[in-house]
Amino acid sequence: MNNNFKKIFEENSNNIAFIIGNGINRFNADKKNNDEFSWKNILKKLWVEFFIEEITIPNGIMLTEFFDVLKLRLNENGKEVIKGLKKKLINITNKIESKCHHIIIIEKLQKINKPLLTTNFDNALLVNGLTYRILKSNQFKFNDFYPWSSYYSNKELNDPCSQFGLWFINGISKYPRSIRIGLTDYMGSVQKARRLVQNLNKLDKRENWEGYNTWLNIFFHKPLFIFGLRLEENETFLRWLLIEKAKYQNTHSLNTKNGWYIESDSEKSFPENKGKHFFLKNVGIEIIESNNNDIYEFLINL
């Protein structure tokens, strides 16, 4: 067992939330499946779906930008084709199956009653047989473009921060228009969140905040345990939110931990990690070095 993880959980058992990325879908996968469900290969498959030609995504373009380039190319074929783009993307990602570790990790987080946010929009975390369903708060006006008050849980939540709920940051596959994957999508999310964040800074009681019943409440008010997520430069929306969270903590002199980032062995050799480390440390996120699969094995045995 990784002693760093054990210490974090023991010291913060009453005040923690989780953010998970595509790493959980690649855990314990053979090389073929691991590569198949990388974001780069998912986007390449999407390209082939429309243009019937293989493509190599060159260095120097972010994956979010690549998606927008794909949309630009499809503009020539009319709006109906563009409307079907995210549905095709969902069809590809829904081939990612729930494995034993998905089930066990969800069961453990339900048991300890902690919120889970994910940047994924596939259904692998919606494992069959677990007693949760999609719910939405009536306090936040729902739309299928930004369903930020919708979550999966086994009960309705009065306070998103205090109980288990599965929240989808980048959209829910049930609502194709909600999927956020391109740079334009991320900028739209920033625009949507900016007003909510500005209003949060003006309030004395966060219970009166319009974003109280959304996943943003968890993001801003709980220490975040981030894993299975590279948090590279293309995570424009999340990085902006981390900056805003750090500003919010400083403005209100909140003496709480911002969070932890689990860095796996496979990331350590990347030259861009120096910049990511600089960024994370300066927004109050502690970096925890780990072997590639340690975090999943720890959660399975929690």
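Where a number appears in this text, it was derived from the coordinates with a stated rule and is not lab data. It should be emphasised that the depicted structure is a prediction, and the values quoted were computed from it without experimental measurement. Positions of Cβ are generated from backbone atoms using ideal geometry, with glycine treated the same way; all protein chains shown enter the neighbour counts.
Observations, loosely collected:
- Long hydrophobic helices in the chain, taken as whole DSSP H segments with a C-alpha length of 30 Å or more on their own axis and mean Kyte-Doolittle hydropathy at least -0.5, are absent.
- Tail weight of P(r) past 23 Å, computed on alpha-carbon pairs of segment 167-297, percent: 39 percent
- Normalised per residue, the volume of the convex hull around the Cα set of segment 132-176 (Å³): 70 Å³
- Label positions at LYS155 and GLU53, each projected 7 Å from the Cα along the C-beta direction, are separated by 5.7 nm.
- Here the mean projected area of the convex hull built on the C-alpha positions of the chain is 15.6 nm².
- Only Cα pairs under 8 Å and 6+ residues apart enter the sum, and on that basis the relative contact order of segment 33-93 stands at 35 percent.
- Per-residue ³J(HN,Hα) for segment 146-160, Karplus 6.51 cos²θ - 1.76 cosθ + 1.60, θ = phi - 60°, Hz, x for Gly and Pro: 10, x, 6, 9, 8, 7, 10, 7, 8, 7, 6, 9, 7, 9, x
- Kirkwood Rh in Å, taken over all unlike Cα pairs in segment 239-302: 13.2 Å
- Taking N as its residue count, the alpha carbon Rg of segment 33-93 over 2.2 N^0.38 Å: 1.09
- Given 14 as the ceiling on other Cβ atoms within 10 Å, longest exposed-site-free region of the chain for trypsin sites (Lys or Arg not before Pro) in DSSP loops: 1-94
- Rg then Dmax, both in Å and based on the Cα atoms of segment 53-186: 16.9, 51.
- When both bridge partners sit in segment 116-232, DSSP labels roughly 60% of those beta bridges antiparallel.
- Viscosity 1.002 mPa s, 20 °C: Kirkwood-radius Stokes-Einstein D of segment 85-140 over Cα pairs, µm²/s: 165 µm²/s
- Secondary structure note: in the chain, about 20% of the DSSP beta bridges are antiparallel.
- Exposed loop sites were defined as GluC sites (Glu not before Pro) in DSSP loop states (anything but H, G, I, E or B) carrying at most 10 other C-beta atoms within 10 Å; in the chain the longest segment without such a site runs 55-302.
- Radius 10 Å from Cβ of SER173, net charge of other residues (Lys, Arg +1; Asp, Glu -1): +2
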